[in-house]
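Colleague: I have a structure here, written as structure tokens, and I will follow up with some questions on it.
The values are calculated or read from the model by the stated rules, or taken from the named source; none is laboratory data. Worth saying up front: this structure is predicted, and the values here are computed from it rather than measured. Here the Cβ positions follow ideal geometry from the backbone for every residue, glycine too, while neighbour counts run over all protein chains shown. We work out accessible area using only protein heavy atoms, side chains counted, and drop any ligands, DNA or RNA first. Shrake-Rupley method; radii C 1.70, N 1.55, O 1.52, S 1.80 Å.
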Amino acid sequence: MKSMTIARGPELSANAWVILRRRYLRKDEQGHVIETPEGMFQRVAQAIASADRLYSHQADVERIEAEFYAVMSSLQFLPNSPTLMNAGTDLGQLAACFVLPIEDSLKSIFETLKNAALIQQSGGGVGYSFSRLRPRGDTVRSTMGIASGPLSFLQVYDATTQVIKAGGTRRGANMGVLRVDHPDILNFITVKKDRTKLNTFNLSVGITDAFMQAVEADQEYELINPRSKRSVGKLRARKVFDLIAEMAWGNGEPGVLFLDALNRANPTPRLGTIESTNPCGEMGLLPYESCVLGSIDLSRMVRRHRDETRLDWEKLRRVVHIAVHFLDNVIDVNKYPLPIIEERTKGNRKIGLGVMGFADLLILLGIPYGTEEARATAEKVMHFISQEAKQASAAIAKQRDVFPNFAGSIYDRPGGPLLRNATTTTIAPTGSISIIAGCSSGIEPLFAVAYVRRVLEGTQLIEIDPLFERIAREEGFYSEGLMQLVAEAGRIRTIEAIPLRVRQLFVTAHDISPEQHLAMQAAFQRYTDNSISKTINFPSEATVEDIRKALLLAYQLGCKGVTVYRYGSREEQVLSIRRSCPSCTWEGVHTVPLTA
């Protein structure tokens, strides 16, 4: 690798060093780390910048490499984990999100299983719709036997994923979807009553507008055998919807995908319909598509103006344009696990630029998360990013042409934008890259002011919000004893030693109502091409009816999907709070889905 001038970026946190050493930095055959964070960013920048040579022999690749390195090493922008791990290596698989089709034949089922294994081995997560499989008990004409149904094959896929450690660095993850009008839907909704089952899967019910209309009208709806396309029975929609809410109340699953909303935003409808998403739900993809993601740390997009902190719109514009260029290049240098995935991905060239550090941005701007001002800020920021991402995509299209499947797309109209990428924006969970960047994850509020994060085969990372610590020191109320109290409590709402203004600003996920969570998701969704990865948090005392109302509100607000989580309803956890102080109103641990 040729040398380049390396400017040191910001100091990395202790937790960032842990996760970089364990998952991202290159190792020798004995498992010793042989790469620095600067070396990682240099490796990635050089590999991704090399794509410019495919379009022009005169491309200033060294300048482009320096731009890519600068935004990554300063932690202003980071690509998805497979790109950081694999760019410039022999593996070279750089995409995070895949969707594979499953047709109603044994050959298709196991061909897809083989392909999924290859993807997970290379570091990607896979989503599937099992809706085309004939229901349990249906006839199998070729053998005169009886079909075992989608759930049996979900278990086969789960068992296979259990033995694959994706890319040698992280466990495999799946999304399993079943349409609400499939005859086996009730068994699908309730399968995770047994919490030992399907632990590599997130499950979502694919819900249609027709079903939601039946829920609102308290009517029955038909179940359709996907083999015969004939009605095989009816269910009362509200009872099914209530069952989804009951199960989600119990352990957060299943989530729901609003299939018609997803397909209204499908940029290439002539190529097919969207039936599934990636494991975290933010990317609805056509069969065999993959997508590369990247996120901008909004907390680094600010500047001080006199005594006021403001968002630096020019800086944000520059980073958006560099990030879109970067992600479009990833599509070209990626080593795809299957030729058909390469064909479909390069045909639509979907990218997903999103954000992280949004909660930190609000704190820096002095705006409490759950307020109307916070939602207005979300819309303004995401509208700006969406516009600039489209302009960046159009600028690349002038040099490299529009995406190959542009004809017949939603953009193929008089006066429509000539884009390089069929989609440009997504809100991903950013679980690992937000640790590297040292910011809040995705668009979530702070989980807690201090908490324990479980990663990497049980490794525990204790995190104290750096903005809170900084403000505590600047305003003179910092003490070791107070920090210990905060670490035990997780949130600070009732700690009177902390100024009221600070307590109001550092709200956490459980200080915010489910309705406020959903309103924030909807605010971002209005200006996001793909979908949103977000958890709608509920207190432990929430009822099934509370969950039901939230699912209905998500549909009414135009969300493309929703994941709810009631505090304390899972034993396995990514984030936890040790225990609350006696003056607080809650205690125990909080858990979120393991793929978050």
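Colleague: Which one of 238, 270 is among the basic types (Lys, Arg), in contact with a helix residue (DSSP H, G or I) (Cβ under 8 Å, 6 or more places away or on another chain) and touching a residue at least 12 places away in the same chain (Cβ under 8 Å)?
Modeller: On the way: 270 fails: in contact with a helix residue (DSSP H, G or I) (Cβ under 8 Å, 6 or more places away or on another chain).
Only one candidate passes the filter, namely 238.
Colleague: Here's another thing I want to ask about it. Quickly run through region 114-133 and pick out the residues that are open to solvent by 20 Å² or more (accessible area, probe 1.4 Å) and touching a Ser or Thr at 6+ places or on another chain (Cβ under 8 Å). Steps first, please.
Modeller: The initial filter retains those residues of region 114-133 that are open to solvent by 20 Å² or more (accessible area, probe 1.4 Å), namely 114, 117-118, 121, 132.
If the condition is that a residue be open to solvent by 20 Å² or more (accessible area, probe 1.4 Å) and touching a Ser or Thr at 6+ places or on another chain (Cβ under 8 Å), then 117 is the only one that fits.
Colleague: Helices (runs of 4 or more DSSP H) wholly in region 292-378 with at least 1 residues that are within 19 Å of the chain's Cα centre (by Cα), modelled with pLDDT of 95 or more and of a type in the set (Val, Ile, Thr) - which ones? Let's see the steps before the verdict.
Modeller: Numbers: elements: 313-333, 339-348, 358-365.
Correct list: 313-333, 339-348.
Colleague: Further question: For region 457-570, list the strands (runs of 3 or more DSSP E) that sit wholly inside it and hold at least 2 residues that are closer than 30 Å to residue 351 by Cα and open to solvent by less than 30 Å² (accessible area, probe 1.4 Å); which are they?
Modeller: Working: elements: 459-464, 535-538, 561-566.
Result: 535-538, 561-566.
Colleague: On to the next question. Select from region 167-222 the residues that are open to solvent by 50 Å² or more (accessible area, probe 1.4 Å) and β-branched (Val, Ile, Thr) and list them in ascending order.
Modeller: Looking only at region 167-222, we keep the residues that are open to solvent by 50 Å² or more (accessible area, probe 1.4 Å), and these are 168, 170-171, 179, 186-187, 193-197, 199, 210, 213, 216-220, 222.
Within region 167-222, just 196 meets the criteria.
Colleague: Of everything in region 19-55, what is of a type in the set (S, T, N, Q) and touching a residue at least 24 places away in the same chain (Cβ under 8 Å)? Give them in sequence order.
Modeller: Start the filter on region 19-55 by keeping residues that are of a type in the set (S, T, N, Q), which leaves 30, 36, 42, 46, 50.
Selection gives 42, 46, 50.
Colleague: Where the second residue is open to solvent by 10 Å² or more (accessible area, probe 1.4 Å) and the first is on the phi > 0 side of the Ramachandran plot and lies in region 84-105, which pairs have Cβ atoms under 6 Å and are six or more apart or on separate chains?
Modeller: As it stands, the answer is 88/47; 92/86; 92/335, since those pairs meet every condition given.
Colleague: Checking the conditions here, which among 19, 64 is open to solvent by less than 10 Å² (accessible area, probe 1.4 Å) and modelled with pLDDT under 95? Full working, then the answer.
Modeller: Details: 64 fails: modelled with pLDDT under 95.
That would be 19, the only listed residue that is open to solvent by less than 10 Å² (accessible area, probe 1.4 Å) and modelled with pLDDT under 95.
Colleague: Where residues in region 151-189 are under 15 Å from residue 114 (Cα atoms) and assigned to a strand (DSSP E or B), which of them is modelled with the highest pLDDT?
Modeller: Checking each candidate, the answer is 174.
Matching residues to (1) within 27 Å of residue 272 (Cα to Cα); (2) without any contact (Cβ under 8 Å) to a residue 24 or more places away in the chain:
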residue: 330; (1), (2): yes, no
residue: 341; (1), (2): yes, no
residue: 344; (1), (2): yes, no
residue: 373; (1), (2): no, yes
residue: 412; (1), (2): yes, yes
residue: 416; (1), (2): yes, yes
residue: 432; (1), (2): no, no
residue: 441; (1), (2): no, no
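Colleague: Moving on to the next point. Within region 24-39, can you find the residues that are open to solvent by less than 30 Å² (accessible area, probe 1.4 Å) and assigned to a helix (DSSP H, G or I)?
Modeller: Narrowing region 24-39 to residues open to solvent by less than 30 Å² (accessible area, probe 1.4 Å): 24-25, 35, 37, 39.
Across region 24-39, the qualifying residues are 24, 37, 39.
Colleague: Residue 53 is checked against (1) surrounded by 20 or more Cβ atoms within 10 Å (Cβ to Cβ); (2) at pLDDT 95 or above and fails just one. What number does that condition carry?
Modeller: Tallying (1) surrounded by 20 or more Cβ atoms within 10 Å (Cβ to Cβ); (2) at pLDDT 95 or above, residue 53 fails exactly one: (1).
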